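Data first, discussion second: the structure below is written as structure tokens.
All of the numbers you see were taken from the coordinates with simple rules; none came from a lab. Because the structure is predicted, anything quoted here is derived from the model rather than measured.
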Amino acid sequence: MEQDIERVLISAEELEEKVAAVGAQIAKDFEGKDPIFVGVLKGCFIFMADLMRHVNIRCSVDFMAVSSYSGTTSTGAVKINKDLSQDIADRHIILVEDILDSGVTLNYLKKYLTVRKPASIHVVTLMDKPARRKADIYADYSCFEVPDAFVVGYGLDYNETYRNLPYIGILKPEIYTK
């Protein structure tokens with residue numbers, strides 16, 4: 001599996017340090033607001049677990065499963081596979097995403113959730129890839145800005161593999177262009 005990685009982009013140590021700092025900042029910013037952290041599955045699960053360990057305020061967690069990718073590219077069509085299981089009216093929502101790439105999915109989700117009248121919606125992403133942005137959406141909290149390369153690891157996948165790498169790596173192009 002590691003032989004498929006061109007190079008390590010973000011080490012496990014860098015991930016740990018930055019996720020802790022962003023978690024502490026969110027805890028400070030949302031003290032007394034009892035936010036709901038909404039993880040966008042599947043890619044966010046490792047990032048969200050680590051992030052939540054550093055958010056030492058009263059909060060709750062929920063998940064949505066959304067699909068819009070086929071292989072390495074977004075299809076542009078967003079499908080909700082699992083919706084929220086709690087009412088979000090008048091609650092502060094923090095959408096937790098692994099990577100903000102084209103922004104199409106996150107933009108759709110934000111609009112989808114806005115009709116439920118939350119107090120606010122904020123976005124935290126592990127990685128921001130502004131070079132590929134197609135929608136007018138930005139992260140309120142971002143751990144890393146990354147180049148336009150296909151990244152895997154720490155929850156991110158290629159065809160459901162590589163999620164278990166403890167770092168973020170750039171996948172060799174010959175792997176996903178076969």
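Structure notes:
- As a ratio to 2.2 N^0.38 Å, the alpha-carbon radius of gyration computed for region 119-178 takes the value 1.28.
- Three-way shape label, region 1-75, alpha-carbon gyration tensor, a/c 1.5: oblate
- Beta bridge orientation in the chain: antiparallel %, DSSP, nearest 5: 35
- With viscosity 1.306 mPa s and temperature 10 °C, the Kirkwood radius over alpha carbon pairs of region 73-178 converts through Stokes-Einstein to a diffusion coefficient of 105 µm²/s.
- Out-of-range pairs (alpha-carbon distance over 24 Å; input Lys28/Lys82; Lys28/Lys134; Lys79/Lys129; Lys110/Lys172; Lys42/Lys129; Lys33/Lys111): Lys28/Lys82; Lys28/Lys134; Lys110/Lys172
- Overall, the anisotropy analysis places region 17-134 in the oblate class: the square-rooted eigenvalues a ≥ b ≥ c of its C-alpha gyration tensor yield a/c not less than 1.5, with a/b not exceeding b/c.
- Net length available on complete extension from Arg53 to Asp4 is 14.6 nm, with 0.36 nm assigned per residue and the Cα-Cα distance removed.
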